[in-house]
């Protein structure tokens, strides 16, 4: 039990409270961390600041694995920006529109393009959205549906890919929280163990083709489509100029502009990791080394394609690469603060105190269900899945370890809850970007999407409830079938054929 007693709960509790009240995740974690060092320094403000900076922030930044992660994050940011500037991602999305001939195919194509742009959740809406806006308008599909597809193929796709910023960030949090409770485990292997339990990501992604296969809409989405159908004759616009501008903006970019860097990225990782798999075995340092090398080579390929197709010099490409690195400064700062909060909670023994208080009052098997609910509420209120991951993992990993609750399932519950709340939150950056990418009024996107997202969200809650009594990753297959039945039933009973 913690010698600081109930005071050990103040840092994470204050972070959660301020995150919900202020919706500023950076300020919330800073204040939570400072409150922790204030307790550790016997409430001396000067020594609290000194300890926060010297014993936690500096220590976390100079930690070997943490420094490696920061370098990798900057490399990923540079590559994403280059891929966007090269026109490769746009060329990929544009290629999918060649197979579009009706409203249903247009929606399926947008879904597939959203899955294909898996490198960045925020870039998804800004790449796929402008390309499909004229297509949806021409085929009389309301912009609320496009915003929903953009939003649902953003974070749910990114969280499933271990070698992009989402995966690196989560692995870093896992490595630090595991280290704080004395667990020796490779974070990549832990993430792979968690992967099958990412129920919300799978259910949300699959819900789109399930809804589309019915050819119907319901609730606010149906009303939005009906309203759009009624206004078509009054709001006819000439699409030709917009479509020409989209195509001409990347006249010299071809699908190879996307496929070459992607191919180099994947092949480099395969070769790099394959060598260690066949020799000494894959360790965390090998994983990080492979990711960094792969993104550097892929970025060089982007620069080559930009010079070949757009006559952009390597110096200009490097400048764009640096701009992309700058885009991830906030995330890197957030990681450093999350690491610091984690180490402070370790010193205060927060997790062990909570575990001693809870004792036998809650069954360990119910911890993931409770964590999912808490994560969803917190992420919805703050609009930040990243912040939710950072704060909750600090608390629940030591708690689950102390109570002998399933660790991988508990981590998955944090990820699922954070993802669901972020997906439906009106103040989430991905929600805002989806509205922007589809040129949809934000409140219309929020209201129409919620009625669709609540089904996979509810199914995820039920999945964690079932897992409390019977733990198996294969339960997801039964829940996918059940979700399909629910969607088909809802559409049959209250759905409207909006594309007659």
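Every number in this text was worked out from the coordinates using simple rules, so none of it is lab data. Remember, predicted model here, so these are calculated numbers, not experimental data. Virtual Cβ from ideal backbone geometry, glycine too; neighbours counted across all protein chains shown.
Please sort 147-156, 45-54, 211-220 by packing, taking for each peptide the average over its residues of neighbouring beta carbons within 10 angstrom, highest first.
With the highest mean Cβ count within 10 Å placed first, the list reads 147-156, 211-220, 45-54.
Where q = 0.14, 0.18, 0.19, 0.26 Å⁻¹, what log10 of I(q)/I(0) comes from the Debye formula for the range 398-466, counting one point per Cα?
For the range 398-466, the Cα-only Debye profile gives -0.54, -0.74, -0.78, -1.09.
With a 10 Å Cβ neighbour count serving as the proxy for reagent exposure, in which order, fewest first, do 423, 81, 442 appear?
So the residues, fewest neighbours to most, are 442, 81, 423.
Cα axis of helix 367-382 to longest principal axis of the chain: angle in degrees, 0 to 90, nearest 10?
60 degrees
Length gain on complete extension for the stretch residue 488 to residue 184, per 0.36 nm per residue less the alpha carbon to alpha carbon distance?
Going from the current span to full extension adds 104.9 nm.
Calculated FRET efficiency, residue 71 and residue 49, Cβ-Cβ r, R0 30 Å, to nearest 0.05?
0.60
With a 10 Å Cβ neighbour count serving as the proxy for reagent exposure, in which order, fewest first, do 158, 278, 340 appear? Intermediate values should be presented prior to the final figure.
Numbers: 158 24, 278 8, 340 27.
The order, fewest Cβ neighbours first, is 278, 158, 340.
Mind ordering 104-114, 309-319 by average Cβ neighbours within 10 Å, highest first?
Final packing ranking: 104-114, 309-319.
Calculated from DSSP H runs of 4 or more alone, at -39500 (n - 2.57) each and per residue, what is the 222 nm mean residue ellipticity of the chain, nearest 500?
-25000 deg cm²/dmol
From Cα pairs below 8 angstrom and at least 6 apart in sequence, can you work out the relative contact order of the range 1-91, rounded to a whole percent?
15 percent
Hey, of (1) 23.8; (2) 25.5; (3) 22.2, which did the structure itself give for Kirkwood radius over Cα pairs in Å when calculated?
After the calculation, the listed value that fits is (1).
Could you let me know the centre-to-centre spacing of the range 379-419 and the range 1-51, using Cα atoms, in angstrom?
Here the two parts' Cα centres lie 19 Å apart.
What number results when the radius of gyration of the range 366-499, computed over Cα atoms, is divided by 2.2 N^0.38 Å?
Dividing the Cα Rg of the range 366-499 by 2.2 N^0.38 Å gives 1.16.
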